[in-house]
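To start, the structure under review is shown below, and the notes come after it.
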Amino acid sequence: MERMNSAGSCSSMRRNSLSISSHQIDNDAECESVSEAGDIGDRALPSRRFSESSSLRLSFDNTSENEAGVSILEEHRLQPYPSFSHPNSSVRPLPTDTIVASEDSKQEPRKSLPELLDYISCMLHLAVFGILGVLTRYLLQKLFGPGVAGVTSEQTILYLDLPSNMIGSFLMGWFGVVFKGDISHVSEHLAIAITTGYLGSLTTFSGWNQKMLELSVSGRWLFSALGFLLGNGCSKINFKVDNYRHQLIVMVMFLVILGILWGVSGALVKDEFKHGGSAAQLWFACMVGPIGVWIRWFLARLNGCGIGTAGLLKWIPFGTLIANVSAACVMAALASVKNAVNTRNCDTVVAGIQFGMMGCLSTVSTFAAEFNAMRESNHPWRAYAYAIITICVSFSFGILIYCIPVWTKGFDIDT
């Protein structure tokens, strides 16, 4: 009887331990998934994914399975991204590598570009699509602005970047979730370029934050608060870029396209710079925009990693948070410099960096994708906590960097 009770007790303890372990794994997996819903940076590259997957499998081959809990842990960790084993994962945006990993694991390892060329190819994709995002944002400003449709203006909560933020966030739902698998079937770099490069650059958190700061500094606090609330809201293709030759051809093609875009932008900047105005600012923005895209892409690797070796607060996308807050702070600092210097050349350079580099570094579409993933998870409060942290930190630093100098120095702000 004692032996039976002992065996039953051990069995019960093992079940309880297994249940706790499984619950902890599911919780960690969900934290990681919501943080990675928008972007994971260079961790999505095929060369990095395959190498990490191989090393992970090797480490488990050398591990003994003495307890029942190990099999569950192995089942979760053998997946490229264990976070999507959660029952509710079907409603969350899937990273590119998660969508295609199940298909790739059944096939022989394909010959792809070396890791260095893989990086270069992806950065070329990001640069080209980032410039296209800058140009689209400028065209939407003009289309909906006072000169044409008259929907947006500098003096109301319908700020100039509102149409691009709304359209970019809407398109992120389609190209970042619905059609991302089909795009990845053609080229994983193309999927990254469209979501991170184009849509991330089409939308801008820093421009949104700066407009709210300008409304508040002129005493329109109600408009500023309403502006924050307002702003936050196919058949298969058989061709695939899945071998060394195709990838190399595409990389060279994008290198040529980027060279043409930069060459044309540089020539137009040289011609228009002495006159100043929106044309010079636009072409200068096209030249510096890719830098913002690249920085945001590298920062995105922090999403889902948490703080420290223990991985605390994994549910917070620290990469996106750092990109948006830093871009908002630099945007505010540049606006203060523009007010202090107040020359035509300074206005052109500052406006170009704000519209191009800072506009591409910050993103509303990725922020919205992460917010929605958190809201649909088992802990919806995290979505609102993440939004409050992002907005409050950005706005608070903006007040220190932009509003206080304006109030103390008495600059004449034309909003």
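Results, tabulated for the structure shown:
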{"item": "Subset tally (residues that are under 10 Å from the mean Cα position of the chain (by Cα), of a type in the set (Gly, Ala, Ser) and closer than 30 Å to Ala280 by Cα) for the stretch 352-386", "result": "2"}
{"item": "Subset of the stretch 314-329 (residues that are in contact with a Leu (Cβ under 6 Å, 6 or more places away or on another chain) and either part of a loop (DSSP other than H, G, I, E, B) or open to solvent by 10 Å² or more (accessible area, probe 1.4 Å) (or both))", "result": "Phe318, Ile322"}
{"item": "Any hit, the stretch 150-163, residues being surrounded by fewer than 22 Cβ atoms within 10 Å (Cβ to Cβ), at pLDDT below 85 and touching an Asp or Glu at 6+ places or on another chain (Cβ under 6 Å)", "result": "no"}
{"item": "Flag for Leu171 being open to solvent by 10 Å² or more (accessible area, probe 1.4 Å) and assigned to a loop (DSSP other than H, G, I, E, B)", "result": "no"}
{"item": "Where a residue in the stretch 179-201 is under 22 Å from Leu361 (Cα atoms) and its partner, wherever it lies, is open to solvent by 20 Å² or more (accessible area, probe 1.4 Å) and among the hydroxyl-bearing types (Ser, Thr, Tyr), with Cβ under 8 Å and at least six apart", "result": "Tyr198/Thr136"}
{"item": "Wholly within the stretch 206-313, helices (runs of 4 or more DSSP H) carrying at least 2 residues that are among the acidic types (Asp, Glu) and either buried (at least 17 other Cβ atoms within 10 Å of the Cβ) or at pLDDT below 85 (or both)", "result": "none"}
{"item": "Unique match (being modelled with pLDDT of 90 or more and hydroxyl-bearing (Ser, Thr, Tyr)) among Ser377, Ser326, Ser365, Ser336", "result": "Ser326"}
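The values are calculated or read from the model by the stated rules, or taken from the named source; none is laboratory data. Here the structure is a predicted model, which means the values were calculated and not measured. So basically every Cβ, Gly included, is an ideal-geometry build from the backbone, and we count neighbours across all protein chains shown. Remember, those area values only see protein heavy atoms, side chains included, never the ligands or the DNA or RNA. Shrake-Rupley method; radii C 1.70, N 1.55, O 1.52, S 1.80 Å.
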